[in-house]
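The values are calculated or read from the model by the stated rules, or taken from the named source; none is laboratory data. Predicted model, so just to flag it, every value in this text is computed and none were measured. Because the Cβ atoms are built from the backbone with ideal geometry, glycine has one as well, and the counts that use them run over all protein chains shown. Surface accessibility is based on the protein's heavy atoms, side chains included, excluding ligands, DNA and RNA. Shrake-Rupley method; radii C 1.70, N 1.55, O 1.52, S 1.80 Å.
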Amino acid sequence: MIYLDYAAASPALPEMFASQELFSGGCRETEQARAQIARLLGGDPAGACSVLPRMGEEPAHRPAGSVRPEEIIFTSGGTESDNLAILGTFFRAKREGRPLRLLTAATEHEAVLQAVHAAEEYGEIFGTDVQAWVLPVTAEGAVDPERVRKMLEEIRAASFRDQTSDPIILVSVMYANNETGVLSDVETIGQICHEAGAVFHTDAVQAVGHVPVDLRRLPVDMLSASAHKFGGPKGTGFLYVKRGIKLEPLFFETGEKAFSGTYGVLGMSQALAYRMAHLSDEYVHVRGLRDLLQKEILQEIPAVHVNGGAWNAHCPSACKESRLPGHLNLSFDGIESASLLFMLDLKGICVSGGSACAAQSGARSHVLEAMGLSSERIDSAVRFSLGPETTEEEIRETIRIVKETAAELRRLRG
Ligand code: PLP
(Lines give C-alpha, C1' and ligand atoms only; values in the text may rest on other atoms or scores of the structure.)
Protein backbone atom coordinates (compact mmCIF):
# COMPACT_ATOMS: atom_id res chain seq x y z
CA MET A 1 0.00 0.00 0.00
CA ILE A 2 1.32 3.45 -0.92
CA TYR A 3 -0.19 5.88 1.56
CA LEU A 4 -0.69 9.36 0.11
CA ASP A 5 -3.45 10.61 2.39
CA TYR A 6 -1.40 12.37 5.06
CA ALA A 7 -3.80 15.33 5.10
CA ALA A 8 -6.47 12.97 6.46
CA ALA A 9 -4.20 11.46 9.12
CA SER A 10 -0.46 11.19 9.61
CA PRO A 11 0.90 7.83 10.80
CA ALA A 12 1.61 7.96 14.53
CA LEU A 13 5.27 8.62 15.38
CA PRO A 14 7.10 6.09 17.60
CA GLU A 15 8.27 9.05 19.74
CA MET A 16 4.76 9.65 20.90
CA PHE A 17 4.10 6.01 21.84
CA ALA A 18 7.11 6.05 24.16
CA SER A 19 5.72 9.03 26.02
CA GLN A 20 2.16 7.65 26.03
CA GLU A 21 3.35 4.66 28.03
CA LEU A 22 4.63 7.04 30.70
CA PHE A 23 1.39 8.95 30.80
CA SER A 24 -0.60 8.39 33.95
CA GLY A 25 -3.23 10.99 33.14
CA GLY A 26 -2.09 13.23 35.97
CA CYS A 27 -1.78 16.98 36.18
CA ARG A 28 2.00 16.82 36.06
CA GLU A 29 2.12 15.32 32.58
CA THR A 30 -0.62 17.63 31.38
CA GLU A 31 1.35 20.64 32.55
CA GLN A 32 4.55 19.30 30.99
CA ALA A 33 2.78 18.88 27.67
CA ARG A 34 1.28 22.35 27.90
CA ALA A 35 4.67 23.93 28.65
CA GLN A 36 6.36 22.08 25.82
CA ILE A 37 3.74 23.01 23.22
CA ALA A 38 3.90 26.64 24.36
CA ARG A 39 7.66 26.62 23.86
CA LEU A 40 7.47 24.89 20.49
CA LEU A 41 5.00 27.42 19.09
CA GLY A 42 6.51 30.37 20.86
CA GLY A 43 9.49 30.47 18.58
CA ASP A 44 11.83 29.69 21.44
CA PRO A 45 14.61 27.53 19.97
CA ALA A 46 14.90 25.67 23.28
CA GLY A 47 11.38 24.44 22.68
CA ALA A 48 12.48 22.45 19.67
CA CYS A 49 14.35 19.96 21.83
CA SER A 50 12.50 16.78 22.65
CA VAL A 51 13.44 16.70 26.32
CA LEU A 52 10.41 17.23 28.50
CA PRO A 53 10.65 20.20 30.82
CA ARG A 54 10.28 19.52 34.52
CA MET A 55 7.06 20.50 36.19
CA GLY A 56 6.92 24.26 36.62
CA GLU A 57 10.19 24.76 34.77
CA GLU A 58 10.42 27.95 32.74
CA PRO A 59 12.89 28.65 29.94
CA ALA A 60 15.69 30.74 31.40
CA HIS A 61 15.27 33.44 28.75
CA ARG A 62 11.60 34.01 28.03
CA PRO A 63 11.50 36.46 25.12
CA ALA A 64 8.92 39.22 25.31
CA GLY A 65 5.60 38.11 23.91
CA SER A 66 6.42 34.40 23.99
CA VAL A 67 3.66 31.84 24.38
CA ARG A 68 2.75 30.85 27.93
CA PRO A 69 1.58 27.37 28.95
CA GLU A 70 -1.74 28.74 30.22
CA GLU A 71 -2.48 30.00 26.70
CA ILE A 72 -2.73 26.37 25.47
CA ILE A 73 -6.11 24.72 25.99
CA PHE A 74 -6.33 21.00 25.26
CA THR A 75 -9.21 19.73 23.16
CA SER A 76 -10.26 16.45 21.61
CA GLY A 77 -8.99 17.58 18.18
CA GLY A 78 -9.33 20.23 15.50
CA THR A 79 -13.12 20.23 15.35
CA GLU A 80 -13.51 20.94 19.04
CA SER A 81 -10.76 23.55 18.89
CA ASP A 82 -12.46 25.44 16.04
CA ASN A 83 -15.84 25.15 17.76
CA LEU A 84 -14.42 26.42 21.04
CA ALA A 85 -12.87 29.47 19.37
CA ILE A 86 -16.14 30.46 17.70
CA LEU A 87 -18.80 29.33 20.17
CA GLY A 88 -16.66 30.32 23.16
CA THR A 89 -16.62 33.82 21.66
CA PHE A 90 -20.37 33.64 21.11
CA PHE A 91 -20.98 32.88 24.79
CA ARG A 92 -18.60 35.66 25.76
CA ALA A 93 -20.63 38.11 23.64
CA LYS A 94 -23.81 36.81 25.25
CA ARG A 95 -22.37 37.19 28.77
CA GLU A 96 -21.17 40.74 28.04
CA GLY A 97 -24.44 41.68 26.29
CA ARG A 98 -22.58 42.69 23.13
CA PRO A 99 -23.42 42.00 19.48
CA LEU A 100 -21.23 39.44 17.72
CA ARG A 101 -19.96 39.88 14.15
CA LEU A 102 -18.34 36.85 12.51
CA LEU A 103 -16.28 36.89 9.34
CA THR A 104 -14.95 33.75 7.71
CA ALA A 105 -14.13 32.38 4.24
CA ALA A 106 -15.92 30.03 1.86
CA THR A 107 -13.08 27.47 1.81
CA GLU A 108 -12.93 26.94 5.57
CA HIS A 109 -13.27 23.47 7.05
CA GLU A 110 -16.81 22.48 8.05
CA ALA A 111 -15.69 22.63 11.70
CA VAL A 112 -15.50 26.42 11.28
CA LEU A 113 -18.40 26.91 8.86
CA GLN A 114 -20.81 24.84 10.97
CA ALA A 115 -19.71 26.54 14.18
CA VAL A 116 -20.38 29.94 12.60
CA HIS A 117 -23.78 28.67 11.55
CA ALA A 118 -24.43 27.34 15.07
CA ALA A 119 -23.48 30.75 16.52
CA GLU A 120 -26.11 32.37 14.29
CA GLU A 121 -28.70 29.85 15.50
CA TYR A 122 -27.70 30.29 19.15
CA GLY A 123 -28.06 34.02 18.59
CA GLU A 124 -31.71 33.51 17.75
CA ILE A 125 -32.28 31.10 20.62
CA PHE A 126 -30.57 33.27 23.26
CA GLY A 127 -31.57 36.65 21.85
CA THR A 128 -27.97 37.74 21.07
CA ASP A 129 -27.40 39.92 18.01
CA VAL A 130 -25.21 37.76 15.71
CA GLN A 131 -24.37 38.43 12.07
CA ALA A 132 -22.01 36.39 9.93
CA TRP A 133 -20.35 36.85 6.53
CA VAL A 134 -18.56 34.30 4.39
CA LEU A 135 -15.91 35.83 2.14
CA PRO A 136 -15.31 34.51 -1.38
CA VAL A 137 -11.82 33.34 -2.39
CA THR A 138 -9.74 33.83 -5.53
CA ALA A 139 -9.66 31.25 -8.34
CA GLU A 140 -6.48 29.93 -6.72
CA GLY A 141 -8.24 29.42 -3.39
CA ALA A 142 -6.71 32.32 -1.45
CA VAL A 143 -8.41 34.88 0.76
CA ASP A 144 -7.59 38.39 -0.41
CA PRO A 145 -6.57 40.37 2.72
CA GLU A 146 -7.95 43.57 1.15
CA ARG A 147 -11.41 41.96 1.11
CA VAL A 148 -11.06 41.30 4.83
CA ARG A 149 -10.12 44.96 5.35
CA LYS A 150 -13.10 46.22 3.32
CA MET A 151 -15.53 43.91 5.09
CA LEU A 152 -14.27 44.98 8.51
CA GLU A 153 -14.67 48.63 7.52
CA GLU A 154 -18.24 47.91 6.46
CA ILE A 155 -18.99 46.07 9.71
CA ARG A 156 -17.62 48.98 11.74
CA ALA A 157 -19.53 51.53 9.62
CA ALA A 158 -22.79 49.57 9.99
CA SER A 159 -22.40 49.35 13.79
CA PHE A 160 -21.80 53.11 13.94
CA ARG A 161 -24.78 53.81 11.65
CA ASP A 162 -27.13 51.48 13.56
CA GLN A 163 -25.71 52.66 16.88
CA THR A 164 -25.20 49.09 18.05
CA SER A 165 -23.15 48.81 21.20
CA ASP A 166 -19.49 48.00 20.64
CA PRO A 167 -19.58 44.60 18.86
CA ILE A 168 -17.14 41.73 19.32
CA ILE A 169 -15.75 41.02 15.84
CA LEU A 170 -14.21 37.61 15.26
CA VAL A 171 -12.44 36.77 11.99
CA SER A 172 -11.64 33.11 11.27
CA VAL A 173 -9.41 32.40 8.26
CA MET A 174 -7.56 29.11 7.95
CA TYR A 175 -3.77 28.90 7.89
CA ALA A 176 -3.76 26.23 5.18
CA ASN A 177 -6.54 24.55 3.28
CA ASN A 178 -7.04 20.83 3.80
CA GLU A 179 -8.06 20.05 0.19
CA THR A 180 -5.67 22.20 -1.83
CA GLY A 181 -2.97 23.03 0.73
CA VAL A 182 -3.31 26.73 -0.19
CA LEU A 183 -1.74 28.93 2.48
CA SER A 184 -3.40 32.12 3.68
CA ASP A 185 -1.50 35.31 4.33
CA VAL A 186 -2.26 35.09 8.04
CA GLU A 187 0.32 37.75 8.83
CA THR A 188 -1.38 40.45 6.77
CA ILE A 189 -4.92 39.30 7.62
CA GLY A 190 -4.05 39.28 11.33
CA GLN A 191 -2.61 42.79 11.14
CA ILE A 192 -5.73 44.04 9.35
CA CYS A 193 -7.92 42.44 12.04
CA HIS A 194 -5.97 44.07 14.84
CA GLU A 195 -6.08 47.50 13.15
CA ALA A 196 -9.87 47.10 13.02
CA GLY A 197 -10.11 45.92 16.64
CA ALA A 198 -11.17 42.41 15.59
CA VAL A 199 -10.11 39.12 17.16
CA PHE A 200 -8.29 36.82 14.73
CA HIS A 201 -8.63 33.01 14.85
CA THR A 202 -6.85 30.70 12.42
CA ASP A 203 -7.49 27.00 11.85
CA ALA A 204 -3.91 25.75 11.57
CA VAL A 205 -4.84 22.05 11.71
CA GLN A 206 -3.05 21.32 8.41
CA ALA A 207 -0.13 23.66 9.06
CA VAL A 208 1.19 22.92 12.56
CA GLY A 209 4.13 20.49 12.32
CA HIS A 210 4.44 21.01 8.55
CA VAL A 211 5.40 24.66 8.12
CA PRO A 212 6.97 27.05 10.64
CA VAL A 213 4.34 28.55 12.97
CA ASP A 214 5.79 31.16 15.31
CA LEU A 215 3.14 32.65 17.53
CA ARG A 216 5.47 35.33 18.85
CA ARG A 217 5.67 36.84 15.40
CA LEU A 218 2.20 36.18 14.03
CA PRO A 219 -0.66 38.57 14.81
CA VAL A 220 -2.92 35.67 15.80
CA ASP A 221 -5.23 35.65 18.84
CA MET A 222 -6.43 32.04 18.63
CA LEU A 223 -5.02 29.07 16.72
CA SER A 224 -6.39 25.54 16.33
CA ALA A 225 -4.33 22.38 15.88
CA SER A 226 -4.93 18.63 15.83
CA ALA A 227 -2.39 15.98 16.87
CA HIS A 228 -3.26 13.28 14.35
CA LYS A 229 -2.22 15.60 11.51
CA PHE A 230 1.38 15.71 12.76
CA GLY A 231 1.99 12.17 13.96
CA GLY A 232 0.40 12.49 17.42
CA PRO A 233 -2.48 10.49 18.86
CA LYS A 234 -5.99 10.69 17.46
CA GLY A 235 -8.52 12.45 19.68
CA THR A 236 -6.18 15.19 20.87
CA GLY A 237 -5.66 18.78 19.83
CA PHE A 238 -5.42 22.24 21.26
CA LEU A 239 -6.53 25.81 20.99
CA TYR A 240 -4.03 28.59 21.60
CA VAL A 241 -5.80 31.55 23.20
CA LYS A 242 -3.66 34.64 23.59
CA ARG A 243 -3.78 36.21 27.03
CA GLY A 244 -6.36 38.96 27.17
CA ILE A 245 -8.73 37.17 24.79
CA LYS A 246 -11.81 36.20 26.73
CA LEU A 247 -13.56 32.95 25.92
CA GLU A 248 -16.37 31.15 27.71
CA PRO A 249 -15.82 27.41 28.24
CA LEU A 250 -18.11 24.92 26.51
CA PHE A 251 -17.50 22.02 28.91
CA PHE A 252 -17.85 21.88 32.67
CA GLU A 253 -16.52 19.65 35.41
CA THR A 254 -17.57 19.28 39.00
CA GLY A 255 -16.91 22.49 40.78
CA GLU A 256 -14.95 24.34 38.16
CA LYS A 257 -14.96 25.36 34.54
CA ALA A 258 -12.99 23.06 32.28
CA PHE A 259 -12.17 22.35 28.71
CA SER A 260 -12.10 18.75 27.50
CA GLY A 261 -9.16 16.60 26.48
CA THR A 262 -6.34 15.39 28.68
CA TYR A 263 -5.49 11.88 27.50
CA GLY A 264 -2.81 11.80 24.86
CA VAL A 265 -1.49 15.30 25.42
CA LEU A 266 2.00 14.07 26.26
CA GLY A 267 2.09 12.06 23.03
CA MET A 268 0.90 15.14 21.17
CA SER A 269 3.63 17.37 22.62
CA GLN A 270 6.32 14.76 21.90
CA ALA A 271 5.11 14.30 18.33
CA LEU A 272 5.15 18.06 17.83
CA ALA A 273 8.63 18.31 19.34
CA TYR A 274 9.85 15.69 16.88
CA ARG A 275 8.19 17.42 13.93
CA MET A 276 9.58 20.85 14.86
CA ALA A 277 13.09 19.45 15.32
CA HIS A 278 12.97 17.92 11.83
CA LEU A 279 10.81 20.59 10.18
CA SER A 280 13.23 21.95 7.59
CA ASP A 281 14.51 18.52 6.48
CA GLU A 282 10.99 17.12 6.25
CA TYR A 283 9.79 20.21 4.38
CA VAL A 284 12.52 19.89 1.75
CA HIS A 285 11.96 16.12 1.40
CA VAL A 286 8.16 16.29 1.11
CA ARG A 287 8.14 19.27 -1.19
CA GLY A 288 10.74 17.75 -3.49
CA LEU A 289 8.63 14.61 -3.89
CA ARG A 290 5.39 16.58 -4.34
CA ASP A 291 7.03 18.71 -7.05
CA LEU A 292 8.29 15.55 -8.75
CA LEU A 293 4.80 14.00 -8.64
CA GLN A 294 3.22 17.17 -10.04
CA LYS A 295 5.82 17.66 -12.78
CA GLU A 296 5.74 14.06 -13.98
CA ILE A 297 1.94 13.73 -13.95
CA LEU A 298 1.51 17.00 -15.85
CA GLN A 299 4.17 15.90 -18.36
CA GLU A 300 3.04 12.30 -18.78
CA ILE A 301 -0.75 12.57 -18.66
CA PRO A 302 -2.67 14.92 -20.94
CA ALA A 303 -5.44 17.24 -19.70
CA VAL A 304 -4.60 17.36 -16.00
CA HIS A 305 -5.03 20.57 -13.97
CA VAL A 306 -3.59 21.68 -10.63
CA ASN A 307 -6.28 23.03 -8.29
CA GLY A 308 -5.21 25.86 -6.05
CA GLY A 309 -2.11 27.80 -5.27
CA ALA A 310 -0.41 27.57 -8.67
CA TRP A 311 -0.09 31.30 -8.50
CA ASN A 312 -1.12 33.03 -5.34
CA ALA A 313 -0.61 36.76 -4.99
CA HIS A 314 -1.53 36.45 -1.34
CA CYS A 315 1.02 33.86 -0.36
CA PRO A 316 2.77 34.53 2.94
CA SER A 317 5.73 36.74 2.18
CA ALA A 318 7.86 34.96 4.75
CA CYS A 319 7.80 31.52 3.18
CA LYS A 320 7.40 32.50 -0.52
CA GLU A 321 5.25 29.43 -1.06
CA SER A 322 1.58 29.35 -1.89
CA ARG A 323 0.84 25.77 -0.81
CA LEU A 324 1.73 23.31 1.92
CA PRO A 325 4.70 21.19 0.80
CA GLY A 326 2.86 17.85 0.63
CA HIS A 327 -0.46 18.77 -0.99
CA LEU A 328 -1.35 18.21 -4.64
CA ASN A 329 -4.94 18.55 -5.82
CA LEU A 330 -5.40 17.51 -9.44
CA SER A 331 -8.35 17.24 -11.84
CA PHE A 332 -8.22 14.72 -14.68
CA ASP A 333 -10.42 15.77 -17.64
CA GLY A 334 -13.00 13.12 -18.57
CA ILE A 335 -12.37 10.96 -15.49
CA GLU A 336 -14.66 10.76 -12.46
CA SER A 337 -12.67 11.00 -9.27
CA ALA A 338 -14.78 8.19 -7.71
CA SER A 339 -13.64 5.77 -10.45
CA LEU A 340 -10.03 6.89 -10.24
CA LEU A 341 -10.02 6.55 -6.45
CA PHE A 342 -11.56 3.09 -6.67
CA MET A 343 -9.04 1.87 -9.25
CA LEU A 344 -6.08 3.38 -7.41
CA ASP A 345 -7.27 1.76 -4.19
CA LEU A 346 -7.41 -1.64 -5.94
CA LYS A 347 -3.86 -1.07 -7.14
CA GLY A 348 -2.68 -0.21 -3.63
CA ILE A 349 -2.59 3.59 -3.71
CA CYS A 350 -4.42 5.43 -0.97
CA VAL A 351 -5.42 8.98 -1.95
CA SER A 352 -8.66 10.89 -1.50
CA GLY A 353 -11.14 12.96 -3.46
CA GLY A 354 -11.16 16.42 -1.91
CA SER A 355 -11.22 16.13 1.87
CA ALA A 356 -11.72 12.74 3.52
CA CYS A 357 -14.97 13.94 5.14
CA ALA A 358 -16.47 15.31 1.90
CA ALA A 359 -15.53 12.07 0.14
CA GLN A 360 -17.34 9.99 2.76
CA SER A 361 -20.53 12.04 2.59
CA GLY A 362 -20.45 12.01 -1.22
CA ALA A 363 -20.88 15.79 -1.16
CA ARG A 364 -19.24 17.93 -3.82
CA SER A 365 -16.20 19.83 -2.57
CA HIS A 366 -17.32 23.25 -1.28
CA VAL A 367 -13.68 24.34 -1.49
CA LEU A 368 -13.31 23.77 -5.23
CA GLU A 369 -16.81 25.19 -5.74
CA ALA A 370 -15.82 28.37 -3.91
CA MET A 371 -12.82 28.67 -6.26
CA GLY A 372 -15.31 28.81 -9.13
CA LEU A 373 -14.18 25.57 -10.79
CA SER A 374 -16.53 23.85 -13.25
CA SER A 375 -18.54 20.85 -12.02
CA GLU A 376 -16.52 18.57 -14.36
CA ARG A 377 -13.30 19.76 -12.84
CA ILE A 378 -14.63 19.36 -9.29
CA ASP A 379 -15.96 15.86 -9.96
CA SER A 380 -12.62 14.77 -11.38
CA ALA A 381 -10.49 16.08 -8.51
CA VAL A 382 -8.16 13.90 -6.48
CA ARG A 383 -6.03 14.96 -3.51
CA PHE A 384 -2.56 13.48 -3.12
CA SER A 385 -1.02 14.36 0.23
CA LEU A 386 2.53 13.29 0.99
CA GLY A 387 4.33 13.01 4.28
CA PRO A 388 7.83 12.68 5.71
CA GLU A 389 7.74 8.87 5.37
CA THR A 390 6.89 9.01 1.64
CA THR A 391 9.74 7.70 -0.53
CA GLU A 392 10.87 8.54 -4.07
CA GLU A 393 10.25 4.93 -5.03
CA GLU A 394 6.62 5.25 -3.92
CA ILE A 395 6.20 8.46 -5.92
CA ARG A 396 7.69 6.93 -9.08
CA GLU A 397 5.38 3.91 -8.68
CA THR A 398 2.41 6.24 -8.13
CA ILE A 399 3.22 8.16 -11.31
CA ARG A 400 3.36 4.90 -13.27
CA ILE A 401 0.07 3.60 -11.84
CA VAL A 402 -1.81 6.90 -12.17
CA LYS A 403 -0.69 7.18 -15.80
CA GLU A 404 -1.78 3.63 -16.58
CA THR A 405 -5.12 4.00 -14.72
CA ALA A 406 -6.01 7.37 -16.27
CA ALA A 407 -5.39 5.88 -19.74
CA GLU A 408 -7.56 2.82 -18.92
CA LEU A 409 -10.43 4.95 -17.64
CA ARG A 410 -10.28 7.28 -20.62
CA ARG A 411 -10.24 4.28 -23.00
CA LEU A 412 -13.32 2.81 -21.28
CA ARG A 413 -15.12 6.12 -21.71
CA GLY A 414 -14.24 5.98 -25.42
N1 PLP B 1 -9.67 21.84 10.23
C2 PLP B 1 -9.00 21.36 9.18
C3 PLP B 1 -8.37 22.31 8.22
C4 PLP B 1 -8.91 19.98 8.96
O5 PLP B 1 -8.23 19.51 7.91
C6 PLP B 1 -9.54 19.10 9.89
C7 PLP B 1 -9.51 17.65 9.66
O8 PLP B 1 -9.30 17.16 8.58
C9 PLP B 1 -10.20 19.66 10.99
C10 PLP B 1 -10.26 21.02 11.13
C11 PLP B 1 -10.84 18.78 12.02
O12 PLP B 1 -9.83 18.18 12.81
P13 PLP B 1 -10.12 16.87 13.66
O14 PLP B 1 -10.20 15.72 12.70
O15 PLP B 1 -8.95 16.74 14.59
O16 PLP B 1 -11.39 17.08 14.40
Practice item. Run the quick spin-label model on Leu346 and Lys295: label points 7 Å from Cα toward the beta carbon, then report their separation in nm to one decimal. Key: 3.3 nm
Check your understanding: When the accessible area of the stretch 144-285 is split by element with a 1.4 Å probe, what percent falls to carbon and sulfur?
Key -> 51 percent
Point to revise | Ser339, Ser224, Ser165, reordered so the largest accessible area comes first (probe 1.4 Å) | key: Ser165, Ser339, Ser224
Revision key, fill the gap. Under 5 Å from the placed amide H of Arg323, counting only residues 5+ away or on other chains, we find Leu183
Study note, to complete from the structure: In terms of the alpha carbon gyration tensor, root eigenvalues a ≥ b ≥ c, rounded if a/c is under 1.5 and otherwise prolate when a/b exceeds b/c or oblate, the stretch 111-261 is oblate
Review point. So, counting K/R as plus one and D/E as minus one, what does the shell of residues with Cβ under 14 Å around Ser375 add up to?
Key: -3
Study note, to complete from the structure: The percentage of the accessible area of the stretch 61-126 (probe 1.4 Å, all protein chains present) made up of carbon and sulfur atoms, to the nearest whole number, is 51 percent
Practice item. Would you work out if the stretch 151-224 is rounded, prolate or oblate? Take a ≥ b ≥ c from the square roots of the eigenvalues of the alpha-carbon gyration tensor; rounded if a/c is under 1.5, else prolate when a/b is larger than b/c, oblate otherwise. Key: prolate
**Study point:** ³J(HN,Hα), Karplus 6.51/-1.76/1.60, whole Hz, each residue of the stretch 216-227, x for Gly, Pro
**Key:** 6, 8, 7, x, 10, 9, 9, 9, 9, 9, 9, 5
Revision key, fill the gap. In whole Hz, the Karplus estimates of ³J(HN,Hα) for the stretch 118-134 (6.51, -1.76, 1.60; θ = phi - 60°; x where Gly or Pro) are 4, 4, 5, 5, 4, x, 5, 5, 9, x, 9, 6, 10, 10, 10, 10, 10
**Study point:** Fraction of the pair-distance distribution of the stretch 96-195 above 24 Å, Cα-Cα pairs, percent
**Key:** 23 percent
Review point. Ordered by residue, what ³J(HN,Hα) values in Hz, to whole numbers, does the stretch 329-340 give under the Karplus form 6.51 cos²θ - 1.76 cosθ + 1.60, where θ = phi - 60° and Gly and Pro are x?
Key: 10, 10, 10, 10, 3, x, 10, 7, 4, 4, 5, 5
**Study point:** At R0 = 41 Å, FRET efficiency that the Cβ-Cβ distance of Asp166 and Lys234 yields, to 0.05
**Key:** 0.50
Exercise for review: Give the shape of the stretch 363-414 as rounded, prolate or oblate, defined through the alpha-carbon gyration tensor: a ≥ b ≥ c are the square roots of its eigenvalues, a/c under 1.5 means rounded, and otherwise the shape is prolate if a/b is larger than b/c and oblate if not.
Suggested key: oblate
